[in-house]
1. For N235, what charge total do you get from the other residues with a beta carbon under 14 Å from its beta carbon, if Lys and Arg give +1 and Asp and Glu give -1?
2. Using only protein heavy atoms and a 1.4 Å probe, report how much of V70 is accessible, in Å² to the nearest 10.
3. Note down the accessible area of Y30, probe 1.4 Å, to the nearest 10 Å².
4. At 1.4 Å probe size, put R24, R144, R246 in order of accessible surface, largest to smallest.
5. Using the Kirkwood radius built from alpha carbon pairs, what does the Stokes-Einstein equation give as D for segment 42-141 at 37 °C and 0.692 mPa s, in µm² per second?
6. What pairs in K96/K124; K28/K140; K98/K216 have C-alpha atoms more than 29 Å from each other?
7. For Y57, what is the net charge nearby, where nearby means another residue's Cβ is under 11 Å from its Cβ and Lys, Arg count +1, Asp, Glu -1?
8. Can you send over the solvent-accessible area of Y206, 1.4 Å probe, protein chains only, in Å² to the nearest 10?
Amino acid sequence: MKILIKTLPILILISLLYPWMKIRTEVKDYQLKMHLYHHEPFSNWINNYLRIIPNNYSDNYKLTLISDSVNYQIYRNDNMILGFPRHSYMIYYSDKFKIDDLLSDNLVIEAVSKGLANENEVDKYYDLILNKVEFNRIYKAFSRQKKMITYCELLRTSFDSTAFSLIQSASDIDNILNNRPKSEGNIIDVELSPENVNPSSLLADYDFLMNYNHDKEIYFWYLDDGINFFKFEFNNNDDIMSIKHRFIGYLGNEIIHL
């Protein structure tokens with residue numbers, strides 16, 4: 001009994017310190033994947049505490065380094081668990097063993113759980129999905145235009161330069177159609193895929209490009225999501241404060257999924 005009383009505090013201390021000690025023995029790739037697994041709905045508290053990723057899930061996280069700095073790195077994750085691309089971005093602070101979400105569905109889920117938004121407020125999704133504190137800190141030196149473009153590029157599902165594009169004029173749309181003709185690839189077709197495309201979503205003209213504020217508004221085209229409009233609100237330091245989104249329509253050359 002005395003031995004148990006003496007060893008119990010030690011065992012408790014070891015159990016409490018285990019996650020802290022374990023993370024310091026893990027390679028960066030594992031830490032990032034553990035962060036992702038921890039937020040999955042199918043993860044369990046035992047695996048999370050012991051920092052164990054089941055073998056059948058580890059290969060579902062494809063990590064790509066997109067930015068390397070002295071103090072941090074930014075990684076993109078392409079998650080194929082759902083059967084189609086779902087990507088997110090994480091900031092890894094190697095000196096702190098710390099990982100923050102930069103752009104992730106986790107941020108939206110967290111905001112809803114805190115009562116900052118309702119599940120049916122879809123229009124707030126593009127605002128909540130971004131960690132604006134970290135984004136503004138990392139890209140502080142960027143101009144407003146560059147910040148807007150950087151945000152839009154984080155939302156792309158492909159690294160192929162012809163799969164996404166900034167749109168500022170009708171000539172930009174002509175370039176998109178030249179690079180990605182309507183006859184190319186798995187085209188969104190109203191007759192073949194009526195459940196995916198509303199006929200009214202196919203753009204007949206580009207009047208939407210008239211009279212918009214280039215200083216805080218931007219149009220961006222995605223191969224699997226058509227043309228989208230984003231309106232940014234900045235403070236006096238040019239930090240992003242909020243983002244509003246509106247779907248504009250399809251050019252007709254889009255695909256269902258990349």
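The values are calculated or read from the model by the stated rules, or taken from the named source; none is laboratory data. Computed from a predicted structure; not experimentally measured. Heads up, the Cβs are rebuilt from the backbone with ideal geometry, glycines too, and the neighbour counts pull from every protein chain shown. With ligands, DNA and RNA removed, areas are computed over all heavy atoms of the protein, side chains included. Shrake-Rupley method; radii C 1.70, N 1.55, O 1.52, S 1.80 Å.
1. On the way: positive: K132, R137, K140, R144, K147, K216; negative: D215, E233, D238, D239.
The answer is +2.
2. Approximately 130 Å² for this residue.
3. Roll a 1.4 Å probe over it and Y30 shows about 70 Å².
4. Highest to lowest solvent-accessible surface, that is R246, R24, R144.
5. D, rounded to a whole number, is 215 µm²/s.
6. K96/K124; K98/K216
7. Values: positive: K33; negative: E40, D59.
Value of the local net charge: -1.
8. Y206 has an accessible surface of roughly 70 Å² with all protein chains in place.
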